[in-house]
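Q: Once you've had a glance at the structure underneath, I'll fire off some questions.
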Amino acid sequence: MRLKIIPDNTNWDFFGRAKLWLGISLTLIVVSFASFLYQGLNYGIDFRGGTTIRTESAQTVDVGAYRGALAPLDLGDITITEVFDPSFGPDKNVAMIRIQAQSEDEAMSAEMIKTVEQTLSAVSPDIKFVSVESVGPKVSGELIQTAVLAVVGAIAVVLFYIWLRFEWQFAVGAVVALVHDVILTIGIFSEFQIRFDLAIIAALLTIVGYSLNDTVVVFDRVRENLRKYKKMPLKELLNLSINETLSRTFMTSFTTLVALIALLVLGGDVIRGFVFAMTWGIFVGTYSSVFVASTLLLLMGVKRDWSKDKGVQEGNQFAKPDA
């Protein structure tokens, strides 16, 4: 006997309180905007600028010990990663240490770099600073602009694709859902001042893709049912379509969350921000596919009339005939 988390033939009413769900989403969007305008984002080194130090030592890199040694220096955001390379010998252990820009200076002073080196020498006596590079605020500003363009461009391409694949009402619903997911993700990072860096931009683009995939699955079933049930009211048809895809939606989200929660707990500080963004994105992406995209589709309605060309009789069909 197979275990079924979601039973067959579910008949849940997802639109009984459609206005309530939209109201919750609008409230969260307003809170996100207010938080962003009031306190902004806690930008990481990628966007603030800073100094990257490459170290080498014969001893194994202990990221926790390095971080603990540097903490009393109060240097702000610090990222430490161990570099793995098959060409490295057993006596060559490499780490990359990234320290945020201090004040308005583009580069750390020679005295501060010396202090960092002496501090880490207490952990690894033979440590050497192989290279020291700095990224100024100008480059960081360009990264912010590029990141914004990447997210906006992805959403614009999605709008174009959905418009071609479906009707314009579906495109509007899908894009509003994607914007909803991005705004709420940025909002939670702003509200809790979680470090925001390029990894989070990658997470946002991944969330856009995940949410779109979930929305298109539902919309495809809606299109099939509009062809199959030509007299069924749109609200009942949307409920039927979501119930029919509910098992797939739940299992996809559940299995993805299992992996993400494991990474969130065991993955360490380096990827924690990315994994948190993805975990949050799975929740809001699944929610928006049903309670934002589909609800907007219900409110706007869909065109069900076929063209009479080629002898096709007028009926309750919204989609363009497939080529």
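The values are calculated or read from the model by the stated rules, or taken from the named source; none is laboratory data. Quantities reported herein were computed from a predicted structural model and do not represent experimental measurements. Methodologically, a virtual Cβ is constructed for each residue, glycine included, from the backbone with ideal geometry; neighbour enumeration extends over all protein chains shown. Areas reflect the complete protein model, heavy atoms only, side chains present, ligands, DNA and RNA absent. Shrake-Rupley method; radii C 1.70, N 1.55, O 1.52, S 1.80 Å.
Q: Select, from P125, P72, the only residue that is in contact with a strand residue (DSSP E or B) (Cβ under 9 Å, 6 or more places away or on another chain) and either closer than 30 Å to F291 by Cβ or open to solvent by 70 Å² or more (accessible area, probe 1.4 Å) (or both).
A: From the options P125, P72, the qualifying one is P125.
Q: Just name the residue that is nearest to the chain's Cα centre (by Cα) out of those in the range 247-276 that are among the small types (G, A, S) and assigned to a helix (DSSP H, G or I).
A: Ranking the qualifying residues of the range 247-276, first place goes to G273.
Q: Still on this structure, please answer the following. Which one is surrounded by the fewest Cβ atoms within 10 Å (Cβ to Cβ), of the residues in the range 194-216 that are in contact (Cβ under 8 Å) with a residue 60 or more places away in the chain and within 24 Å of L22 (Cβ to Cβ)?
A: The selected residue is Y210.
Q: Kindly list the number of the only condition in (1) modelled with pLDDT of 85 or more; (2) buried (at least 21 other Cβ atoms within 10 Å of the Cβ) that fails for T252.
A: Condition not satisfied by T252: (2).
Q: Moving on to the next point. Mind listing just one residue for me: the one in the range 277-313 that is on the phi > 0 side of the Ramachandran plot and either part of a helix (DSSP H, G or I) or at pLDDT 90 or above (or both) and, of those, least open to solvent (accessible area, probe 1.4 Å)?
A: That would be G311.
Q: Would it be correct to say that I127 is under 13 Å from the mean Cα position of the chain (by Cα) and in contact (Cβ under 8 Å) with a residue 40 or more places away in the chain?
A: Here the answer is no, as I127 does not meet what is asked.
Q: Modelled with pLDDT under 90 and either open to solvent by less than 50 Å² (accessible area, probe 1.4 Å) or over 13 Å from the mean Cα position of the chain (by Cα) (or both): which single residue out of E244, E191 fits that description?
A: E244
Q: Filter the range 52-66 down to residues that are in a helix (DSSP H, G or I) and surrounded by 21 or more Cβ atoms within 10 Å (Cβ to Cβ), then give me how many there are.
A: Residues meeting the conditions: 1.
Q: When you go through (1) open to solvent by 40 Å² or more (accessible area, probe 1.4 Å); (2) of a type in the set (A, V, I, L, M); (3) at pLDDT 85 or above; (4) under 25 Å from A154 (Cβ atoms) one by one for I271, which number turns out not to apply?
A: Only one criterion is unmet by I271, namely (3).
Q: Also, I was wondering about something else. So V139 ticks every box in (1) farther than 26 Å from L28 by Cα; (2) at pLDDT 80 or above; (3) β-branched (V, I, T); (4) surrounded by 12 or more Cβ atoms within 10 Å (Cβ to Cβ) but one. Which box is left unticked?
A: Going through the list (1) farther than 26 Å from L28 by Cα; (2) at pLDDT 80 or above; (3) β-branched (V, I, T); (4) surrounded by 12 or more Cβ atoms within 10 Å (Cβ to Cβ), V139 breaks only (2).
Q: Can I ask one more? Taking the range 26-51 as the search range and keeping residues that are open to solvent by less than 30 Å² (accessible area, probe 1.4 Å) and assigned to a strand (DSSP E or B), which one is modelled with the highest pLDDT?
A: Once the filter is applied, the top-ranked residue is T51.
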